[in-house]
Amino acid sequence: MAETSNKPSGFTFNPNGDDNKATTAQPTTVPTTKVEVEDLDSRYEDKSSVTVALVEHYSLFRRANRLTMPKRIDYIGSCIESSRRLAADKNETNKYFPNIVGIMPNNDNFLTRVKQYLNNIRIAVDEQGVTFDTTFIYDHKRDYLKIKAKIDEVERRYSMVNRNNLAELRKALKQRINELDSIEREKASYGMPLNVEDYIMYRHCLLYADVAKDMAFINSDANVRFYIKDNAREEERKRKQHELVNKAVSNYVLLLGDSALFDAVYTLYCAENAKPILTSVLKDRMDKENELHKFATERPDKFNKIYSNKDVRTLADIEMLIARGELVKSEYNQNIVSTDGVLIGANMSEALAWFKNPENISLVNAYKAKLKNF
């Protein structure tokens, strides 16, 4: 679903203080001003567009003669699932389709004309792709904020899915599409698309099986002929990625000035990427710096997560103790035990808690002493 290119202004209500304590000052609140209320009640234009592009399945012959051959073109047709869903909601149908089919909902032929329209969709997609204006005008800004929050939550849950498991990702994508379609139906109660026909075509493509809604399926599904690009979301993704890289590079520079922290981060980098820790830590410092720099720029999210972890040094100690055989991590589960078989933790989080427990301070110091003597 396309995101707005207009950023909503902050609107918070945040009381501070504690009424239960007589010595504490009374909570102060920022009253909702008339301007803020009027702003939330005003119309709001969520500017957005979506592009549907061809998947580049080119034969060797077409590749070799691409400049002289006619441009490739393919068509998105109608489909039963899309037609059924787009005609199912009476509120949507009555609001959007009079502008398209040219008759009002009270006409006996209205629903028939709507179905005829949906059953005869034919969208030409050439090598430049086709862009739909999905701008939506809300009657009230508060409605936009409510809808955006729902969409953001759907996208947040989908982003948490393991992308290495295509079966799991496919199931999650189906749920995501269903949820987004449901939210789109709800929007009909709050406003109107700027370009109704473009908006309906986008909705159709969202439900059309041959259009990939996630780039992960372009090369894994032979039936996919098109893919959908949310232009605003793609720009936002690039912006966030750029910010992540900048932050990672900044953290990397700071890291170079702290040898102990550098060693800890490098150890966790090795563990994260299944590199042999004992041999890797013996590499030349410049080689290790180059590895971490590459990691920071290519996987800034993971690099920043390691760097920002307040327990990075303790976690690095645990990984080093496992690598040196002072602690044993099971090959078939996450259990971490001592060489005497004492359970340190059922996973790394529990092992970290064990190392931070004041009751284990003498044993932890003994383990750290062993690391220093290696």
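The values are calculated or read from the model by the stated rules, or taken from the named source; none is laboratory data. All values reported here derive from a predicted model rather than from experimental measurement. Please note: Cβ atoms are built from the backbone with ideal geometry, for glycine as well, and neighbour counts cover all protein chains shown.
Brief remarks follow.
- Every condition in (1) loosely packed, with under 14 Cβ neighbours inside 10 Å; (2) in contact with a Leu (Cβ under 9 Å, 6 or more places away or on another chain); (3) of a type outside the set (A, V, I, L, M) is met by Glu289 except one, and the failing one is (1).
Here is a yes/no grid of residues against (1) charged (D, E, K, R); (2) surrounded by fewer than 12 Cβ atoms within 10 Å (Cβ to Cβ); (3) without any contact (Cβ under 8 Å) to a residue 60 or more places away in the chain:
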residue	(1), (2), (3)
Asp214	yes, no, yes
Val224	no, no, no
Glu236	yes, no, no
Val245	no, no, yes
Tyr252	no, no, yes
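- Filter result for Gly325 (surrounded by fewer than 18 Cβ atoms within 10 Å (Cβ to Cβ), on the phi > 0 side of the Ramachandran plot and touching a residue at least 12 places away in the same chain (Cβ under 8 Å)): yes
- All conditions but one from (1) surrounded by 19 or more Cβ atoms within 10 Å (Cβ to Cβ); (2) at pLDDT below 95 apply to Ser330; the one that does not is (1).
- A single member of Ile218, Ile200 is within 19 Å of the chain's Cα centre (by Cα) and not acidic (Asp, Glu), and it is Ile218.
- Output for region 328-344, where each listed residue is hydroxyl-bearing (Ser, Thr, Tyr) and either in contact (Cβ under 8 Å) with a residue 12 or more places away in the chain or farther than 17 Å from Glu272 by Cα (or both): Tyr332, Ser338, Thr339
- When Asn347 is tested against (1) among the polar types (S, T, N, Q); (2) more than 19 Å from Tyr266 (Cα to Cα); (3) touching a residue at least 24 places away in the same chain (Cβ under 8 Å), exactly one condition is not met: (3).
- One residue from Lys294, Lys275, Lys302, Lys283 being assigned to a loop (DSSP other than H, G, I, E, B) and under 29 Å from the mean Cα position of the chain (by Cα): Lys275
- Boolean, Lys174 is without any contact (Cβ under 8 Å) to a residue 24 or more places away in the chain, under 21 Å from Val55 (Cβ atoms) and either of a type in the set (Ser, Thr, Tyr) or surrounded by fewer than 15 Cβ atoms within 10 Å (Cβ to Cβ) (or both): yes
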